[in-house]
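Derivation of every value follows stated rules applied to the coordinates shown; laboratory data play no part. Small disclaimer: the values here were computed from a predicted structure and weren't measured. Note: ideal-geometry Cβ built from the backbone for every residue, glycine included; neighbour counts use all protein chains shown.
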Amino acid sequence: MTHSLHREGTIDSLERDYCVFIYPARGFNYAGSAPKIRRLAELIYTCGAANFCPTTLRENMYSEVATPEEVLASIQKDGTRVYSTWNNPEKLKQLLIKMKEADEGISIVVSGLIDRVRVMAREIGLNPHTINMSLGIHGRTELLPPADIRQFTTMCGHAMVAPGLVRNSLRRVKTGKSTAWDESIVLAKPCACGIYNPYRSEEMLNDLAPVYAVSRW
Amino acid sequence: MIIRGEVCVGCGRCQPYCPAGAIHFSGLKSEVDRETCLECGTCLRVAICPVDAIMDDPTAFEYPRAVRKVFSDPTAPHIATGIEGRGTEESKTNDVTGRVGPDSVGVAIEVGRPTLGMGLPDVQKISRALARAGITEIEPCNPIHQMYADESTGDLRADLMGERVLSAIIELEVKKDRLPHILRVLKEVAKEVDSVFTLDVYSLLGPDLEISKEVLAALDSEGFPWRPNAKINVGLGRAWEERRAS
Ligand code: SF4
Ligand code: SF4
């Protein structure tokens, strides 16, 4: 999956948008991985992720389907993958320091601004192994929703956050029917991997709502 | 997906949630346009309907329509990879698997992303263009591999041509010196498809997150700018299962 690779937006906004994934590899380090993954997932919680989801639940941390203890307790199966999102680079750095110390041997992937990750890796003493670079969108790009909508929708790389839902949320914020935070939780819901960043979404809704033309009050 | 007309109260809440724009009013009730629906499951998963009128279409699990679901619903597992999602594990576990080595580069063509989805005839335009250009190194564990009728021609199964998917990933792993050729082919086929695809490359890093000069030179020469954000395997994994550990 490359579902966090094509997040769009300004550099300033992407400065507060990172994803961290815990990925065991089938046939290489699956066996006995469950307790290790659970310990790493605990670090994600305690370091303050902006969003979080293990594949055992497929519900993000705002869904209220389980307490944090229940979410962690659900990680009992070898090979469980864990997805998370970070809006604060300092918290992300603390997480990576602790993950390095924990040395559980499971692959960790960070998605975000290359230059930021480079500096962080240097400071922590990590030796990044592989990079997956996005070469952008090709083909009939004129059919796409506009860039200001895509900066929301691409936070779910599986395209589960519909452009129409973003417009709906903008309309509701603009007309005072809801707050930018509440709408960001609405927008985070369809993302089954828990990598929609509601903090960044709140900022963007607040930025865009004043200038957004609504056709229906 | 289907909406049970006898239950729907026509509140319209489900409509904006559909990424494909497949839910519309028909009279006073909502209805799913079967052709547009990609069986992504979002409308059901978000549990927004106050009267539980939305339910799985039983035919969504029958071939050939089932390809919509497996390539559009991120919670539907693929039989080939055993993992949920649209591709294999690509670069994400490369520190453990060593799948992409120092001389190689991985290329992923994510058809239909973002948002638009793609009809299988358009996916075939890409697979045929790659085959014509002699590029046949399609990752065998990739779910899309199962859709091929003939790898040498890039033909997909004829009975799938009426289907659409939200996203499917064609993954290739080639020697680095083949990258410019592949990029040229993709640049041309991008003019033919009636939708979009996102493109990405993955390769090993040097010290201090140094990106392969050969890869950068290929992107530069073929006019492919890369985005400032990327996915980086930070090198904390290791293998311990005996049959694979080296
Ligand atoms: S399954 Fe997906 S594409 Fe089909 S109606 Fe529901 S949300 Fe739309
Ligand atoms: S949310 Fe349910 S009741 Fe409302 S329009 Fe959709 S299917 Fe009908």
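Remarks
- 0 to 90° range, to nearest 10: angle between helix A:114-124 axis and chain A longest Cα axis: 30
- Proximal aspartates and glutamates relative to A:Lys189, as straight alpha-carbon distance under 13 Å, when same-chain residues fewer than 8 apart are discounted: A:Glu59, A:Glu64
- Mean residue ellipticity at 222 nm, helices only, chain A: -12000 deg cm²/dmol; runs of at least 4 DSSP H residues each add -39,500 (n - 2.57), and the sum is divided by the number of residues.
- Loop-resident sites, region B:150-232, for trypsin sites (Lys or Arg not before Pro), counting at most 10 other Cβ within 10 Å (DSSP): B:Lys191
- Between 0 and 90°, nearest 10: helix B:179-189 axis offset from chain B longest Cα axis: 30
- Whole-number D in µm² s⁻¹ for the protein assembly as shown, Kirkwood Cα-pair radius fed into Stokes-Einstein, 25 °C, 0.890 mPa s: 109
- Here the label points at B:Cys141 and A:Glu70, each 7 Å from Cα along the C-beta direction, are separated by 3.4 nm in the simple model.
- To the nearest ten degrees, helix B:120-132 and the longest principal axis of the Cα atoms of chain B are 20 degrees apart.
- P(r), alpha carbons of region B:89-226 - 10 Å bins starting at zero, rounded %: 12, 43, 34, 10, 1
- Model label zone, A:Arg39; criterion: amide N under 12 Å from point 7 Å along Cα-to-beta-carbon; scope region A:93-127: A:99-106
- Lone cysteines, chain A (no partner Cβ under 4.7 Å): A:Cys19, A:Cys47, A:Cys53, A:Cys193
- Percent of alpha-carbon pairs separated by more than 27 Å within chain A: 33
- Checking the cross-link pairs B:Lys125/B:Lys187; A:Lys174/B:Lys29; A:Lys93/B:Lys231; A:Lys36/A:Lys98 against a 18 Å limit on the alpha carbon distance flags A:Lys174/B:Lys29 as lying beyond it.
- Each of the trypsin sites (Lys or Arg not before Pro) that DSSP puts in a loop and that has at most 14 other Cβ atoms within 10 Å breaks chain A; the longest unbroken stretch is A:78-176.
- Region B:201-246: GluC sites (Glu not before Pro) falling in loop per DSSP and having at most 14 other Cβ within 10 Å: B:Glu242
- Label positions at B:Met161 and B:Glu62, each projected 7 Å from the Cα along the C-beta direction, are separated by 2.2 nm.
- Positive-end extreme of charge dipole, region B:163-246 - chosen from B:Val189, B:Pro228, B:Ser167 (charges on Cβ): B:Pro228
- Rounded to the nearest 20 debye, the dipole magnitude of the protein assembly as shown is 480 debye, with +1 charges on Lys and Arg beta carbons, -1 on Asp and Glu beta carbons, and the Cα centre as origin.
- Among the trypsin sites (Lys or Arg not before Pro) in region B:30-66, those located in a DSSP loop and surrounded by at most 16 other Cβ atoms within 10 Å of their own Cβ are B:Arg34.
- Dipole of chain B [Lys/Arg +1, Asp/Glu -1 at C-beta], most positive-end residue of B:Pro16, B:Ala76, B:Gly41: B:Pro16
- Region A:1-130 - convex hull of alpha carbons, volume per residue in Å³: 109
- By the helix-only formula, in which each DSSP H run with n ≥ 4 contributes -39500 (n - 2.57) and the sum is divided by residues, chain B has a 222 nm mean residue ellipticity of -5000 deg cm²/dmol.
- Taken along the Cα-to-beta-carbon direction at a fixed 7 Å, the label points for B:Ala149 and B:Glu214 span 3.7 nm.
- Point-charge dipole on Cβ atoms (K/R +1, D/E -1) for region B:113-246, about Cα centre, debye to 20: 180
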